[in-house]
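The values are calculated or read from the model by the stated rules, or taken from the named source; none is laboratory data. Quick caveat: nothing in here was measured; it's all calculated off a predicted structure. Counting neighbours? That spans all protein chains shown, and the Cβs are built from the backbone with ideal geometry, glycine included.
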Amino acid sequence: MKITYPLFFLLLLLQTTLIVAQEKKIENYTQAIAGSDLKIEMVAIPKGSFTMGSPENERHHQKDESPAHKVGIEAFWMSKFEITWDLYNLFVNRAIDKVENPTKASQVAIDIDAISGATVPYVDMSLGMGSGDDLPVANVTHYAASKFCEWLSAKTGHFYRLPTEAEWEYAARAGTTTAFHFGDNEELLNEYAWYYDNSQDTYHKVGQKKPNPWGLYDMYGNVAEWTLDQYLPEAYGSRTGLTQNPIEFPVKEYPRSVRGGSYYDDAEYLRSAARLGSTENWKMRDPQFPKSKWWNTDAPFVGFRIVRVQNPPKESDYKKYWGSEAH
């Protein structure tokens, strides 16, 4: 059929409108959880590109931060605060699983009963630092953090997961190129982070320090944060040109990538580009055999925050982001 010019331009206008609608600026929102008064504040992170890694002349630069390279990131949402014990315990206890959610989204449709439940810890996994009152959850494994995301997705109908290393660094930098989002002066870190010099060897309530320019709290310090990726020290070397939304999907339990540094770390490990890989030593004192897939015993300095993407993967790929039931 021959398309007349008016129809052609109408179709072109429709296509342009759809593209603009898809790229519409996303907004902050608050995620309610049916059956609980607890909520998760989600911050809109704009689409953009940045230089991932650090230049060799950056103070405390490490080899695994090279080469610095350009990365493009699609818009997404990230939790304003690190996930707290109170929120995580909703997943551990599972008492609200059957509470109906009248405003449930339709982005994800999975059976909440099919999701593995975390075991109740046999000792105080906070190691005396506290497990309530807006304190960040810690000593949870990468698997446990991922399963929390799966459970939250089933409860809300939105697709939640751990951030990739690239998303984490992009959000931490918030448009900056210096070692920290506030510059290169480590003396200013006290205003933004709990770390070795000011933490008194414990984590603290989330949100007590200043946020970064995009409104995210505790991106540096307090507890270090799991990312989705396998930790590959030389991963950056294989990226050329502008790499879009890179992900190093996990294929083995160790090492997984952790970002941001913690209350236990010196300033150099809190830099935006600083990377850390998990180790088996984080379960050193676990007397169980096999060791718990849910809890670390020796990593009270590691927790997590979550992200939500606009376009979730197809259901057959969910296990890449949340892990399989077998571990």
Revision key, fill the gap. When every residue in the stretch 100-120 that is polar (S, T, N, Q) and buried (at least 16 other Cβ atoms within 10 Å of the Cβ) is compared, the one farthest from Ala144 (Cα to Cα) is Gln107
**Study point:** Any hit, the stretch 137-149, residues being basic (Lys, Arg), under 30 Å from Ala166 (Cβ atoms), at pLDDT 95 or above and part of a strand (DSSP E or B)
**Key:** no
Revision key, fill the gap. Exactly one of Thr103, Thr119, Thr177 is touching a Phe, Trp or Tyr at 6+ places or on another chain (Cβ under 7 Å) and of a type in the set (Val, Ile, Thr), and that one is Thr119
Review point. Given (1) modelled with pLDDT under 95; (2) part of a loop (DSSP other than H, G, I, E, B), where does Gly35 come up short, assuming only one miss?
Key: (1)
Point to revise | Selected residue (criterion: farthest from the chain's Cα centre (by Cα)) from residues of the stretch 195-209 that are over 12 Å from Phe301 (Cβ atoms) and touching a residue at least 24 places away in the same chain (Cβ under 8 Å) | key: Asp197
Check your understanding: Which one is nearest to Thr84 (Cα to Cα), of the residues in the stretch 207-260 that are aromatic (Phe, Trp, Tyr) and out of contact with any Ser or Thr (no Cβ under 9 Å at 6 or more places or on another chain)?
Key -> Tyr217
Practice item. Search the stretch 290-327 for residues being surrounded by fewer than 22 Cβ atoms within 10 Å (Cβ to Cβ) and among the aliphatic types (A, V, I, L, M), and hand back the single one that is farthest from Thr119 (Cα to Cα). Key: Val309
Check your understanding: Is there a residue in the stretch 96-110 that is touching a residue at least 12 places away in the same chain (Cβ under 8 Å) and assigned to a strand (DSSP E or B)?
Key -> no
Revision key, fill the gap. Note on the stretch 180-194: residues surrounded by fewer than 24 Cβ atoms within 10 Å (Cβ to Cβ), in contact (Cβ under 8 Å) with a residue 40 or more places away in the chain and not in a helix (DSSP H, G or I) are Phe180, His181, Asp184
Point to revise | Contacts under 6 angstrom Cβ, first residue in the stretch 113-130 being outside any helix (DSSP H, G or I), partner exposed (fewer than 13 other Cβ atoms within 10 Å of the Cβ), 6 or more apart | key: Ser116/Glu325
Practice item. May I ask you to say which residue of Val251, Val258 is surrounded by fewer than 15 Cβ atoms within 10 Å (Cβ to Cβ) and under 21 Å from Gln230 (Cβ atoms)? Key: Val251
Exercise for review: Need at least 3 residues that are touching a residue at least 60 places away in the same chain (Cβ under 8 Å) per element, so show me which strands (runs of 3 or more DSSP E) inside the stretch 212-327 make the cut, counting only ones lying wholly within it.
Suggested key: 224-230, 256-259, 307-309
Review point. Among all residue pairs at least 6 apart or on different chains, which show Cβ distances below 8 Å where the first residue, located in the stretch 79-92, is touching a residue at least 60 places away in the same chain (Cβ under 8 Å) and among the small types (Gly, Ala, Ser) and the second is buried (at least 20 other Cβ atoms within 10 Å of the Cβ) and not in a helix (DSSP H, G or I)?
Key: Ser79/Ile40; Ser79/Met42; Ser79/Val43; Ser79/Arg305; Ser79/Ile306; Ser79/Val307
Practice item. Search the stretch 150-168 for residues being part of a loop (DSSP other than H, G, I, E, B) and under 11 Å from the mean Cα position of the chain (by Cα), and hand back the single one that is farthest from Val71 (Cα to Cα). Key: Leu162
Point to revise | Where Tyr29 falls short, out of the listed (1) modelled with pLDDT under 95; (2) of a type in the set (Phe, Trp, Tyr); (3) surrounded by 14 or more Cβ atoms within 10 Å (Cβ to Cβ) | key: (1)
Revision key, fill the gap. Given the conditions (1) within 19 Å of the chain's Cα centre (by Cα); (2) in a loop (DSSP other than H, G, I, E, B); (3) buried (at least 16 other Cβ atoms within 10 Å of the Cβ), every one holds for Ala171 apart from (2)
**Study point:** Hey, Tyr192 among the hydroxyl-bearing types (Ser, Thr, Tyr), at pLDDT 95 or above and either in contact with a strand residue (DSSP E or B) (Cβ under 8 Å, 6 or more places away or on another chain) or under 25 Å from Thr30 (Cβ atoms) (or both) or not
**Key:** yes
